[in-house]
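S.K.: Got a structure here, written out as C-alpha cells. Questions coming.
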Amino acid sequence: MLTIVVCVKQVFDPEAPLSLFQLCPEGKKLIPPPGTPPVLSSFDENALEAALYIKDVQAAKVIVVSMGYKLAKPVLKKTLAAGADELILLEDEQFEGLDSYSTAHVLARAIERIGNWDIILCGRQAADTDAGQVGAGIAEILQIPGITLARKVEIEGEKVRVERLLADGYEVVETARPVLITASNEIGALRFPNVKALMAAQKMGVTVWDAAELGLTTAVTKQTNLLKLFVPERNTNCQMISGENPEETAEKLTAILAIKVGGN
Amino acid sequence: MILAELQKDRLAGISAELVTAGLKIAGQLGEELSALLIGENTGNRAQELICLGVHKVYVVDNPVFSCYRFEPYLELIARICQEIQPNVFLMGHTEVGQDLGPRLAFRLNTGFVPNCVELGVAPESGLLQMTRPVYGGKAHGLYMVNNGGLQIATVAPKVFEAALREDSRQGKITLLPWENEATSFKIQVVERVETESAGVRLEDATVIVSGGRGVGSAEDFAGLKELADTLGGSIGASRVAVDNNWVPNILQVGLTGKVVKPNVYIAIGISGSLQHMAGCSTAKTIIAINRDPEAQIFKMAHFGVVADWREILPPLIEKCKALSE
Ligand SMILES: Cc1cc2nc3c(=O)[nH]c(=O)nc-3n(C[C@H](O)[C@H](O)[C@H](O)COP(=O)(O)OP(=O)(O)OC[C@H]3O[C@@H](n4cnc5c(N)ncnc54)[C@H](O)[C@@H]3O)c2cc1C
Ligand SMILES: Nc1ncnc2c1ncn2[C@@H]1O[C@H](COP(=O)(O)O)[C@@H](O)[C@H]1O
C-alpha cells in the first residue's frame, strides 16, 4: 500500500477584500477581520485532491500534516471529510512566524517521524506567503527528487508519472518513489465532502505533535528576516466611460483605443 | 551574478530585465556584474549579454543543457556558486527560477526571496534588501537574508525595464566545463507538449483582451478573440476562466500565471482580484468592462465601463474594425 503525505496549511481567506485587513502595529503581519475562519490554502487542496485521485484507483493511505499554532481543527478536519485517513497537527508556540526555511525543517522532521512514505504532496505556494519554497526545501532535506507545478499525478507501477507545467505547455516526467510533488490548480478542485462525511470527520481524532515531540529542542533557525510589511499605493483614478446607448459607449472606447494601442 | 535564460535559441525577455536589476545592485555594491549562460549552441548569446551591459559572462555549453532540466541545472549552478562565490545570485521568477531557486538555496544553506519587485542594498551592511508581494499582493514585505553569504532571489518579470543593447560594449567571456558525464537522471523527461495557441504570443502582445468568470463560456471567448485579432493582440484570462476550461492555462494572467505588460489591457468580466492584477498592473492602460459598479477592478483600471459586456462588445468590434481599415 502506498503512503502519501500531504502538507496542508491553513491561511486566512485570500479572496477576502483588502479593505477588511489591517496591518499590525509592528508592521509584520496582516490581521484579518475578527471572527473570519481560516481556510485551507487553495493549492494544498489541489495537492490533497491529487492524493485522493491516486487513492481512488489503488490502495493508499493519505496522511495530512499541518503546522502552526492555535490551528483551527474544524477547518483542517475538512481534509478527513474529503477522504484523508489521518490528520497530524504540528502545534507549538515556536511554530508561529517561521520562515520557509524553518517551516520546511519542521515539516521534514515530522515526515521522517511518520516514516515509510512513498509520495509527499505540497501546494505550489501557500496563499499567504506566496513563496513556493517549502516543498523544495522538504525534498532537499530528505534528499529526494522534487517535481514542481504538477497538473496531473499518476502511478505507473514502480514509477510516478507527472505532467508538469511549462510556460508554453507541459512536460511529462517520470521518477521512482519516493518523490515530492508540488500541485498547481490544474489538478482540479478538491472533491466536495457531503454533509454526512463532514459530520463524521468532526468526530474523528487527530494526532498532535509539539516541538519537543519532534525532538526540536532549540529554536528553529531562520534564513530570512521580514523587516516590515506595507500596503503598496495603487492607482485609483479610474475615468468612467458611458454613453446614451452601447453604440455611443463603444464609440468613445474606440477613440481611446485609437490613441492607447500605440503605447501613448 | 544573474542567470541568463534562453527561450528557444534567443535570450529570453527576462534576461535583459535581469541585467538592469543586476547592474543596479552591482553599481550600489561597487562590483562588476557577471552572468551565467547555460545551454547548447549558445552562439553569440554571451556577446549579446555583454552588449546589454554585463561585464563578465560564464558560459556552459553542452548538449545536456539543450533544454531546461532540473537536476543537471541545479547541480551545475550549485557548483558554480560555490566556486565563484557571488554575493548575490538573481534569476527570473519564471518556471525555471521558481523551480530552481528554492532548492538551490536549501542546497547551499542560505536564504532565498522569491518574486522581488524591488531590490536595493542596505548602506551599512551591504546586504540586499528585497521587496516582494505577499498575501496575494495585499501587502508588500521587505526582506533581508540573515547571514552574510550568498543571497538568492528571483525577480518578478516585467518590473525592471529591459537593458538596452550597445554594440560597442566590451567584456570577458569565460567557458566553464561540464564534467559530469551522466546522461540519465532520476527524473526522466518522457515528452514535452506545446499547447497550441493561434496568433500573437500573450507575453509579447501589445494589446490583450482578457476575460474572466463574467464571460460565461468557451464559446463566448470567441467574441473576445475577434476583438483581440482586430486590434492585433492576444486573448488572456483570469484563473476562473482557466479552471472552467474555457481557455488553455497558458493564457492565465496573474500571480501564478503570466505577467504581461501590454500597451492596452482590456479586462472583461474580471473582478480585479489582486492575484489577477499582479499579472497585468504594469500595463500602460487598463480598460475594465464590468457590470458591477462596485467591482474592485475600477479601483485599478484607467478607464472603466459599467455594463454587460455582451452589449458593448459587438459595436466595439465593429468600430475597431472600421478604424483599422
Ligand atoms: C494563491 C492564489 C493564486 C492565484 N493566482 C491567480 C492568477 O494567477 N490569476 C488569476 O486570475 N487569479 C488567481 N487567483 C484567483 C483570484 O484570487 C480570483 O479568484 C480570480 O482572479 C477571480 O477571477 P474573475 O475575476 O474572473 O472572477 P470573479 O471574481 O468571480 O469576477 C467576475 C466578474 O465578472 C463580472 N461580470 C459577470 N457577468 C458580467 C457581464 N455579463 N458583463 C460584465 N461583467 C460581468 C462580475 O461583476 C464580477 O466582477 C489566485 C488565487 C490564489 C489564492
Ligand atoms: N505551516 C504549514 N503546514 C503545512 N504545510 C505547509 C505549511 N507551510 C507551507 N506548507 C506547504 O508548503 C507549500 C508551499 O509553501 P510556501 O513555500 O510557504 O509557499 C504549501 O502549499 C504547503 O503544502
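S.K.: Identify the residue in the range B:279-307 that is more than 9 Å from chain A (Cβ to nearest Cβ) and closer than 20 Å to B:ALA241 by Cα and, among all such residues, is surrounded by the fewest Cβ atoms within 10 Å (Cβ to Cβ).
M.R.: B:ASP292
S.K.: Return the total of residues in the range B:43-57 being outside any helix (DSSP H, G or I) and buried (at least 22 other Cβ atoms within 10 Å of the Cβ).
M.R.: Looking only at that region, the number is 2.
S.K.: Which one is farthest from ligand 1 (Cβ to nearest atom) among residues in the range A:129-183 that are at positive phi and in contact with a strand residue (DSSP E or B) (Cβ under 8 Å, 6 or more places away or on another chain)?
M.R.: By that ranking, first place goes to A:GLY169.
S.K.: So, in the range B:110-128, how many residues would count as being closer than 19 Å to A:THR221 by Cα and either of a type in the set (Lys, Arg) or without any contact (Cβ under 8 Å) to a residue 24 or more places away in the chain (or both)?
M.R.: Summing the residues that are closer than 19 Å to A:THR221 by Cα and either of a type in the set (Lys, Arg) or without any contact (Cβ under 8 Å) to a residue 24 or more places away in the chain (or both) in the range B:110-128 gives 0.
S.K.: Out of B:SER197, B:SER210, I need the residue that is polar (S, T, N, Q), within 26 Å of the chain's Cα centre (by Cα) and away from chain A (no Cβ under 14 Å). Which one?
M.R.: Exactly one of B:SER197, B:SER210 is polar (S, T, N, Q), within 26 Å of the chain's Cα centre (by Cα) and away from chain A (no Cβ under 14 Å), namely B:SER210.
S.K.: Something else: For the subset of the range A:3-46 comprising residues that are surrounded by fewer than 13 Cβ atoms within 10 Å (Cβ to Cβ) and of a type in the set (Gly, Ala, Ser), which member is farthest from ligand 2 (Cβ to nearest atom)?
M.R.: Residue satisfying both the conditions and the ranking: A:SER19.
S.K.: Of the numbered conditions (1) within 20 Å of A:SER100 (Cα to Cα); (2) in contact with a helix residue (DSSP H, G or I) (Cβ under 8 Å, 6 or more places away or on another chain); (3) crowded, with 23+ Cβ neighbours inside 10 Å, B:VAL19 fails exactly one; give the number of that condition.
M.R.: All conditions are met except number (1).
S.K.: Can I ask one more? Consider B:PHE185 against the criteria (1) in contact (Cβ under 8 Å) with a residue 24 or more places away in the chain; (2) loosely packed, with under 14 Cβ neighbours inside 10 Å; (3) within 30 Å of A:GLU174 (Cβ to Cβ): it satisfies all of them except one. Which criterion is unmet?
M.R.: It is condition (2) that B:PHE185 fails.
S.K.: Residue pairs, Cβ under 7 Å, 6 or more apart or interchain, first in the range A:28-50 and at pLDDT 95 or above, second within 11 Å of ligand 1 (Cβ to nearest atom) and hydrophobic (A, V, I, L, M, F, W, C). List them.
M.R.: Sorted first by the residue in the range A:28-50, then by its partner, the pairs are A:VAL39/A:VAL11; A:SER41/A:VAL11; A:SER41/A:ALA126; A:SER41/A:ALA127; A:SER42/A:ALA127.
S.K.: Test B:GLU191 against the criterion of being exposed (fewer than 13 other Cβ atoms within 10 Å of the Cβ) and more than 14 Å from chain A (Cβ to nearest Cβ), and give yes or no.
M.R.: When the stated conditions are applied, B:GLU191 does not pass them.
S.K.: Take the conditions part of a strand (DSSP E or B), surrounded by fewer than 17 Cβ atoms within 10 Å (Cβ to Cβ) and either free of Cβ contacts under 8 Å to residues at least 60 places away in the same chain or more than 9 Å from chain A (Cβ to nearest Cβ) (or both) and apply them to B:THR131. Does it pass?
M.R.: no
S.K.: Quick one: how many residues across the range A:203-240 are away from chain B (no Cβ under 14 Å), outside any loop (DSSP other than H, G, I, E, B), of a type outside the set (D, E, K, R) and exposed (fewer than 13 other Cβ atoms within 10 Å of the Cβ)?
M.R.: Number satisfying all stated conditions: 0.
S.K.: Take the residues in the range B:196-254 that are among the acidic types (Asp, Glu), at pLDDT 95 or above and out of contact with any Gly (no Cβ under 8 Å at 6 or more places or on another chain), then tell me which one is surrounded by the fewest Cβ atoms within 10 Å (Cβ to Cβ).
M.R.: Out of the qualifying residues, it is B:GLU219.
Per-residue answers, yes or no, for (1) closer than 22 Å to A:GLY135 by Cα; (2) within 14 Å of chain B (Cβ to nearest Cβ); (3) touching a helix residue (DSSP H, G or I) at 6+ places or on another chain (Cβ under 6 Å):
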position: A:GLN22; (1), (2), (3): no, yes, no
position: A:PRO25; (1), (2), (3): no, no, no
position: A:PRO32; (1), (2), (3): no, yes, no
position: A:VAL39; (1), (2), (3): yes, yes, no
position: A:LEU52; (1), (2), (3): yes, no, no
position: A:ASP56; (1), (2), (3): no, no, no
position: A:SER66; (1), (2), (3): yes, no, yes
position: A:ALA81; (1), (2), (3): no, no, yes
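S.K.: Another one. Scan the range B:93-107 and report the pairs whose first residue is touching a residue at least 24 places away in the same chain (Cβ under 8 Å) and whose second residue is within 14 Å of ligand 2 (Cβ to nearest atom) and of a type in the set (Ser, Thr, Tyr), with Cβ atoms within less than 6 Å and a gap of 6+ or a chain change.
M.R.: B:HIS93/B:THR154; B:GLY97/B:THR154; B:ASP99/A:THR148; B:GLY101/B:THR154
S.K.: Kindly check whether there is at least one residue in the range A:95-108 that is under 28 Å from B:GLN296 (Cβ atoms), within 11 Å of ligand 2 (Cβ to nearest atom) and within 13 Å of chain B (Cβ to nearest Cβ).
M.R.: So far as the range A:95-108 goes, no, none of its residues is under 28 Å from B:GLN296 (Cβ atoms), within 11 Å of ligand 2 (Cβ to nearest atom) and within 13 Å of chain B (Cβ to nearest Cβ).
S.K.: Only one residue in A:ALA104, A:ALA110, A:ALA126 is touching a residue at least 24 places away in the same chain (Cβ under 8 Å) and within 16 Å of ligand 1 (Cβ to nearest atom). Which one?
M.R.: Residue meeting the stated conditions: A:ALA126.
S.K.: If you go through the range A:163-202 one residue at a time, how many are within 9 Å of another protein chain (Cβ to nearest Cβ), β-branched (Val, Ile, Thr) and crowded, with 18+ Cβ neighbours inside 10 Å?
M.R.: 3
S.K.: List, please: which pairs have Cβ atoms under 8 Å, are six or more places apart or on different chains, and start with a residue in the range A:53-66 that is in contact (Cβ under 8 Å) with a residue 60 or more places away in the chain and more than 11 Å from A:LEU121 (Cβ to Cβ) and end with one that is acidic (Asp, Glu) and more than 16 Å from ligand 1 (Cβ to nearest atom)?
M.R.: The qualifying pairs are A:LYS61/A:ASP85; A:LYS61/A:GLU86.
The values are calculated or read from the model by the stated rules, or taken from the named source; none is laboratory data. The structure displayed is predicted, hence computed values, not measured ones. All Cβ positions, glycine included, derive from the backbone under ideal geometry; neighbour counts span all protein chains shown.
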